[in-house]
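S.K.: Next up is a structure, given as structure tokens.
The numbers here are math on the coordinates, done by the rules we state, and not lab data. A quick note: this is a predicted structure, and the numbers were derived from the prediction, not measured. Note: ideal-geometry Cβ built from the backbone for every residue, glycine included; neighbour counts use all protein chains shown.
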Amino acid sequence: MSSPAPSTDFRSRHGGLWPDRADAEARLEEKLARGDVDDVQAARLRDWMRDGFVVIPGAVPEAHLAAVDAAIAATWAGAHPRAHVEYWRDGVQHIEPVQPEHEALMAKLLDLHAYDEDVRRAIFSDAALGFLRALFERPPLAFQTLTFQRGTEQPIHQDTAYVIVDAPMELVGSWLALEDVAEGSGELEYYVGSHRLPEVDWGSGTKGMPAGHPDHERWLAWLHEASAERGLERRRFRPKRGDLLLWHADLAHGGSPVTVPASTRRSLVTHYCPVDRAPGYFAHCAHSERLPHASGASYCYPCRWAPEPPHERGPGDD
């Protein structure tokens, strides 16, 4: 595990989006002067460049949130027989068609945007798309959604190690609160500004961590050590229903401990990239191709029409 030298234009040798460039502030001023972004977007972009994330309060209207709630309930009840769920048991990951009994587990629903227009409407809200278009400078592609009932307690990590895109730094995650999030529920947490930590080279020629890499646990510990050395604030996200957090590909984030038993932390996570980029699963499994949405964005999803065999524990999701 080592840190490669950054390029002259970007912190990462893998490039990035324009806010990752050394001249990002000057570029933002030019965009503001041309009217490409307004004052609100400019303030959010400055937050993004400094902190590695942005929070948009009330990003999704209540009517859309209620429709998402109904879609989730219908999925648990069997409305989408092709929908799948992921959960862990005795250190083994299981991906199976949704059954009602899965709801009681610490499980997540996979890719509900593939089946439900109300979910697509929520992930392509005006607030989300406005910011993503400003970042990407072209339409976004939503390629994965994860629906959570409870906190995951996943260790702090960077998505680029696990979530594969052919341009790894052109990746954005979002976390939509489906309820007011209370203390002790396993809140999302992150190190403010950790997207600027030194870049790790896994020896794979990409940002992705090879499965079973011997330095995995050491890397997870290093994220805390490197953040502490730089005095980065470790913050927990306690949003109101409808609030949206979007984060940089390399923001160190995870799930805090659940200290209130049986508490929920209902949320919808989405991973986006620009529409001309390709998610990693395009290379190794059946998928939908890019599908246009009425919002002007696009979406895609892997096809899991049969149960997948369990395999030994590896990196998780948010």
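S.K.: Using a Förster distance of 35 Å, how high is the FRET efficiency between A221 and L291, based on the Cβ-Cβ distance and rounded to 0.05?
M.R.: Using R0 = 35 Å, I get an efficiency of 0.30.
S.K.: Determine the gain in length on full extension of the stretch A73-Q99; use 0.36 nm per residue of separation and subtract their C-alpha separation, reporting nm with one decimal.
M.R.: That pair, A73 and Q99, stretches by 8.2 nm at full extension.
S.K.: Calculate one ³J(HN,Hα) per residue across the stretch 232-237 by plugging θ = phi - 60° into the Karplus curve 6.51 cos²θ - 1.76 cosθ + 1.60, and present them in order as whole Hz with x for glycine and proline.
M.R.: Going residue by residue, I get 6, 6, 9, 10, 9, 9 Hz, with x marking Gly and Pro.
S.K.: Continuing with the same structure: Excluding same-chain residues fewer than 8 positions from K240, which aspartates and glutamates have a Cα within less than 19 Å of its Cα?
M.R.: Output for K240: E62, D69, D126, E179, D180, E183, E187, E189, D318.
S.K.: Loop-only chymotrypsin sites (Phe, Trp or Tyr not before Pro) in the stretch 136-200, please: DSSP not H, G, I, E or B, and at most 13 other Cβ atoms within 10 Å.
M.R.: In loop regions of the stretch 136-200 (DSSP not H, G, I, E or B), there are no sparsely surrounded chymotrypsin sites (Phe, Trp or Tyr not before Pro).
S.K.: From the backbone phi of the stretch 122-135, what are the Karplus-calculated ³J(HN,Hα) couplings (6.51 cos²θ - 1.76 cosθ + 1.60, θ = phi - 60°) in whole Hz, Gly and Pro given as x?
M.R.: Per residue, the Karplus-derived 3J(HN,Hα) values read 6, 6, 10, 4, 4, 5, 5, 5, x, 6, 5, 5, 5, 6 Hz.
S.K.: Once phi is turned into ³J(HN,Hα) by the Karplus curve 6.51 cos²θ - 1.76 cosθ + 1.60 with θ = phi - 60°, what whole-Hz value does each residue of the stretch 51-63 show in order, with x for glycine and proline?
M.R.: Along the stretch 51-63, the couplings run 9, x, 7, 9, 10, 10, x, x, 5, 10, x, 4, 4 Hz.
S.K.: While we're looking at this one, here's another question. For L244, which sequence-distant residues (separation of 5 or more, or a different chain) have an amide H within less than 5 Å of its own amide H, given hydrogens modelled in the peptide plane?
M.R.: Under 5 Å from the amide H of L244: I56, G58, A59.
S.K.: May I ask you to compute the full-extension gain from R27 to Q154, defined as 0.36 nm times their residue separation minus their alpha-carbon distance, rounded to one decimal in nm?
M.R.: 42.1 nm
S.K.: Enumerate the whole-percent occupancy of each 20 Å bin, from 0 to the last occupied one, for all C-alpha pair distances of the chain.
M.R.: The percentages, shortest bin first, are 32, 62, 6.
S.K.: Excluding V119 itself, calculate the net charge of residues whose Cβ lies under 12 Å from the Cβ of V119, where each Lys or Arg counts +1 and each Asp or Glu counts -1.
M.R.: -3
S.K.: Shifting gears a bit: Among the DSSP beta bridges whose two residues both lie in the stretch 50-312, what percent are antiparallel, rounded to the nearest 5?
M.R.: DSSP beta bridges in the stretch 50-312 are roughly 95 percent antiparallel.
S.K.: Still on this model: Hey, what does the equivalent ellipsoid look like for the stretch 168-207, semi-axes from the Cα gyration tensor as sqrt of 5 times each eigenvalue, largest first, whole Å?
M.R.: Calculated on Cα positions only, the semi-axes equal 29, 13, 10 Å.
S.K.: Something else about it: Hey, with R₀ at 41 Å, roughly what FRET efficiency would R13 and A182 work out to, going by the Cβ-Cβ distance, to 0.05?
M.R.: The formula returns an efficiency of 0.50 here.
S.K.: Provide the packing ranking of 232-238, 52-58, 256-262, i.e. peptides ordered by the mean count of other C-beta atoms within 10 Å per residue, highest first.
M.R.: Taking the mean over residues of other Cβ atoms within 10 Å, the ranking is 52-58, 232-238, 256-262.
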